[in-house]
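Visitor: My questions all concern the structure below.
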């Protein structure tokens, strides 16, 4: 295989290999593993050596496309900062309600912690009239107003933007997609994730969202926040400008 270009998100060994083979390589990312490791272990001398090695490896890339909403990475050069990247979903609310056998005035909330395998504490949340929760593995819960999102024959993103709101952990994909589609979002911070402050800052400027604390999450004591949030709801989508910017940059590079 002799590719014309390699795009990495965001391994640090690939740029080294590409450089040795004289293959152009682009870092396309909202974060990098050197800064993530530094955030967790930067105080340890052994980790500092590894961080230096990772940064040197990244430097072999032809170029870095750094995504808006992600962490600053000014040391990764040459670099172009581009807009956020996300897929665009198709809201199909009526289809979802019909499939689940719910009334038109039902409120749908999608609850997911993304890649974190943790049991949502839904059984401790109060039952609120006409409020239904879409989750994975609904059979694990006793809450009467839980429905299984996997039973709805739609892509996850279409399902997300068909809901009245979401409850998520802080993460690039979920927060950018929520902002772009104008989905009211309650988010649970992780506090130790190095990318988090930059994501939250961006989301507060571009999304419709509110942070909840661990206690509210565990008890379900966030319904006042949810009601306030949904009143701000306006489905005026932001533009995922990074999609086109990245594609244009890649085409220009290939045509040189």
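Throughout, read-outs are computed from the coordinates displayed, never taken from laboratory work. Predicted model, so just to flag it, every value in this text is computed and none were measured. Backbone-built Cβ (ideal geometry, glycine too); neighbour counts: all protein chains shown.
Visitor: Across 10 Å bins from 0, what is the distribution of all Cα-Cα pair distances for segment 68-214, in whole percents?
Guide: Result returned by the calculation: 11, 39, 33, 13, 4, 1.
Visitor: Evaluate E = 1/(1 + (r/R0)^6) for residue 99 and residue 137, where r is the Cβ-Cβ distance and R0 equals 25 Å; express this FRET efficiency to the nearest 0.05.
Guide: On the way: r = 18 Å, r/R0 = 0.72.
After rounding to 0.05, the efficiency reads 0.90.
Visitor: Please identify, among 221, 101, 171, the residue showing maximal mean-square fluctuation in a Gaussian network model of the chain using a 10 angstrom Cα cutoff.
Guide: Looking only at 221, 101, 171, the biggest GNM fluctuation is shown by 101.
Visitor: When the gyration tensor of the chain is built from Cα positions, what are the square roots of 5 times its three eigenvalues, in whole Å, from largest to smallest?
Guide: Calculated on Cα positions only, the semi-axes equal 38, 21, 16 Å.
Visitor: Using the C-alpha gyration tensor of segment 32-120, what are the square roots of 5 times its eigenvalues, in whole angstrom, with the largest one first?
Guide: Ellipsoid semi-axes (Å, largest first): 42, 19, 9.
Visitor: Then there's this: Given contacts defined as C-alpha pairs under 8 Å and at least six residues apart, what's the relative contact order of the chain, whole-number percent?
Guide: The normalised contact order for the chain reaches 18 percent.
Visitor: Sticking with this structure for a sec: Quick one: among 114, 83, 209, which has the greatest mean-square fluctuation in a GNM of the chain with alpha-carbon springs under 10 angstrom?
Guide: Among 114, 83, 209, the largest GNM mean-square fluctuation belongs to 114.
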